[in-house]
1. Under a crude label model (7 Å from the Cα following the beta-carbon direction), how far is ARG358 from ASP336 in nanometres?
2. Roughly speaking, what is the centre-to-centre gap between segment 181-259 and segment 25-51 when only Cα atoms are used, to the nearest Å?
3. Given THR134, HIS174, MET150, which one lies farthest toward the positive end of the charge dipole of segment 132-196, if we put +1 on the Cβ of every Lys and Arg and -1 on the Cβ of every Asp and Glu?
4. Report the accessible area of TYR288, computed with a 1.4 Å probe over the heavy atoms of all protein chains in place, in Å² rounded to the nearest 10.
5. Under the 0.36 nm per residue contour assumption, what length would be gained going from the current alpha-carbon distance of SER140 and LEU252 to full extension?
6. With a point put 7 Å past each Cα toward its Cβ, work out how far MET301 is from THR233 in nm, to one decimal.
7. For segment 40-91, what ratio Rg/Rh do Cα atoms give with a Kirkwood hydrodynamic radius?
8. With a point put 7 Å past each Cα toward its Cβ, work out how far LYS283 is from ASP50 in nm, to one decimal.
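The values are calculated or read from the model by the stated rules, or taken from the named source; none is laboratory data. The shown structure was predicted, so the numbers you read here are calculated from the model rather than taken from an experiment. We place every Cβ from the backbone using ideal geometry, glycine too, and count neighbours over all the protein chains shown. Accessible surface is based on the protein model in full, side chains and every heavy atom, while ligands, DNA and RNA are left aside. Shrake-Rupley method; radii C 1.70, N 1.55, O 1.52, S 1.80 Å.
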Amino acid sequence: MKRNLGKIVFLWFINTTLASGTTYQWSLLEQPTSLRVNQSGMVRYACTYDGSASEYSIKMHFVENGSYTASILSQEDKIIHGKRIQTVNVLITPKVAGDFDLKANAIVSFTSLGAVENTVLGRDNVGKNDVVETKVALPSVKIHADENSMTLTGKMSLEAHVDQPSVRGYEPLHLTIRVKGSGNLDQFIPYELNISGVKVFAELPQKLISPSSVGYEGEIVQEFALVARESYTIPPFSLSFFDTDKKQVVTLQTKQIAVEVGESYDPSSLLDTPKVGDTTVLKQYGIYVVLVVFGILLGEMARRLWKHRPRRKIKYFWDEAKSSKELILLLALSGDKRFDEVIQGLEEGTMSLGEGKRRLEEV
């Protein structure tokens, strides 16, 4: 007999009532039905309360599964027509091909109004019975993952350019490689460059990316400094990925870049020796010396002033906590899973109040 998902969800809504009388219900707003391996998609859940429900907070927990990875992308909390709606966006990425179910649980925490007031007033008398936690199984999400042999998946572009077409011998040439787009850019593998007769200095890629509904979006910049004595050619760079718009593997390639290396600098040509009795040239050199000394003094003054500048301390919502219990409550009400480690340490007594606040600043 086929199960009626609507009936199951309805019965589960009826049972989500806590001691305060406020009811809430979870719903699935958005989900992908099909993805490629390594392609990310967004699943959106919503928890709707029958009132403002200021005493409630939620934390998400995903059932571990080797078929996919899941993480919270963003959370939104708003009041519409007097009803509180909490929306959670989850980023799901298949790791193997096939059908799988995304299973997630939510821990709904209810804190009595009296306990909240005591916390605001600085009273350290919040007991275990003041906080009630209920574990709710969220609707299962079925997703089909197709085969994909490419590490990168999404929509991307590739470009490479140098700061100048020609240099003198042993003068550094700056090469910049830029990858833009969206997808699993966090899996980008840095380029390696080897050119005979050229000394290559490479920097780690700068990943200027941010989470999005398709994984990440933004750009990755990798820079090189090339030093050589003779002319050389920079070979083409290529980028292969599965294009989610074209539904096929795409390989991008830059053009090779010819670099002309001229004669090296002649030390004798860098400085002309002034003739004896030529006071004009001597005056110019005197002015240069004065300017250099003035620049050094000005730089030293600026460094000392910057060192003693007033620094503004960042204020956090947990700064007002006067005790470990108060800090635990504030962190639990935030619903941010990054604070779980600190909460656990405070509850077990392995972490003091001061140490907990310091750890939070590093999160």
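1. With each label point 7 Å from Cα toward Cβ, the separation is 2.0 nm.
2. Centre-to-centre distance over Cα atoms comes out at 33 Å.
3. THR134
4. 130 Å²
5. On the way: separation 112, 0.36 × 112 = 40.32 nm, distance 3.83 nm.
Here the segment from SER140 to LEU252 would lengthen by 36.5 nm.
6. That separation, rounded to one decimal, is 5.5 nm.
7. Details: Rg = 13.0 Å, Rh = 12.3 Å.
Result for segment 40-91 is an Rg/Rh of 1.06.
8. About 9.4 nm separates the two model spin labels.
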